[in-house]
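Working notes, structure below.
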Amino acid sequence: MTFIFVRMSPYVWVAGDDNNLLNGTYEFCTQCHNEKKKCCCSSHDIDMPILLKLEAQTIQSSNPRFRRMREFSHNIGNTPIRQINEIKNSNNEHHCYFYDCSEQRCNIYNMRPIDCRLFPFDIKLDLNTNEYWIGYYSDLCDRQLPDPETMKMYAHVLRAQLFLLFPYANTINDKSVCERLNNASFEKLYKLEQFIF
């Protein structure tokens, strides 16, 4: 029998041991050797994480450095959804606002948004069929990911968190973003409507 471990989020309780937050969201995260976090924190192949209202407010109140929400995030169009700002460092490398290049770690790891916790899973629009899919970025993780059937099991455990993002699927799947993400290998698991309902 395969056991799937996913750690706690601020929104839902799921199976797993949350004693060490640095272990990542999934059990396979403990085998990560990607010290520079080129997977999610500073990859050009994925977009910056989105922030739900509660997440942005929690970050804002957590530290005096983050009191000005517009410094670390921006609204997506005329929606209440925010997106974390991208920063360019002295080496002309782009990374998430909250990624500390010198320490090579996330400054808000214990309160990172759902979008970060879900990685490498995501909701993406297939521009050819105009269908939304639950899937995962198969080539951005440092280690070899489990087989597709096991990844389907992980996706089911994540169902509650993915459901929270579902109302914003149109917002976070802007055509220009989808076109840019074509460079990243995205393995489809479930059509969104079949998965959610």
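Quickly run through the range 32-81 and pick out the residues that are open to solvent by 20 Å² or more (accessible area, probe 1.4 Å), modelled with pLDDT of 70 or more, touching a strand residue (DSSP E or B) at 6+ places or on another chain (Cβ under 7 Å) and assigned to a loop (DSSP other than H, G, I, E, B).
Taking the range 32-81 as the starting set, the residues that turn out to be open to solvent by 20 Å² or more (accessible area, probe 1.4 Å) are 32-38, 40-41, 44-45, 47, 53-54, 57-58, 60-65, 67-71, 74-80.
If we keep only those that are modelled with pLDDT of 70 or more too, we end up with 40-41, 47, 53-54, 57-58, 60-65, 67-71, 74-80.
Restricting the remaining residues to those that are touching a strand residue (DSSP E or B) at 6+ places or on another chain (Cβ under 7 Å) gives 41, 74-76.
The answer is C41, I76.
Residues being in contact with a strand residue (DSSP E or B) (Cβ under 6 Å, 6 or more places away or on another chain) and among the small types (G, A, S): count how many of those fall in the range 92-146.
Here the count works out to 2.
Scan (1) of a type in the set (D, E, K, R); (2) farther than 24 Å from A56 by Cα; (3) part of a loop (DSSP other than H, G, I, E, B) for the single condition K152 breaks and write down its number.
Condition not satisfied by K152: (3).
Mind telling me which of the residues D147, D122, D115 ends up being in contact with a Pro (Cβ under 9 Å, 6 or more places away or on another chain) and either under 22 Å from T25 (Cβ atoms) or surrounded by 15 or more Cβ atoms within 10 Å (Cβ to Cβ) (or both)? It would help to see each step written out before you state the result.
Details: D147 fails: in contact with a Pro (Cβ under 9 Å, 6 or more places away or on another chain); D122 fails: in contact with a Pro (Cβ under 9 Å, 6 or more places away or on another chain).
Unique residue meeting the criteria: D115.
Which residues, counting only those in the range 100-139, are over 14 Å from the mean Cα position of the chain (by Cα), part of a strand (DSSP E or B) and under 24 Å from L162 (Cβ atoms)?
Selection gives L125, D126, E131, Y132, W133.
Quick one: in the range 130-144, which of the residues that are of a type in the set (S, T, N, Q) and open to solvent by 50 Å² or more (accessible area, probe 1.4 Å) is farthest from T25 (Cα to Cα)? Spell out the reasoning first.
Taking the range 130-144 as the starting set, the residues that turn out to be of a type in the set (S, T, N, Q) are 130, 138, 144.
Among the residues that remain, those that are also open to solvent by 50 Å² or more (accessible area, probe 1.4 Å) are: 130, 144.
Working: N130: 30, Q144: 16 Å.
Top of the filtered list is N130.
The values are calculated or read from the model by the stated rules, or taken from the named source; none is laboratory data. Note that the structure is predicted; figures quoted are calculated from it, not measured. Backbone-built Cβ (ideal geometry, glycine too); neighbour counts: all protein chains shown. Accessible surface is based on the protein model in full, side chains and every heavy atom, while ligands, DNA and RNA are left aside. Shrake-Rupley method; radii C 1.70, N 1.55, O 1.52, S 1.80 Å.
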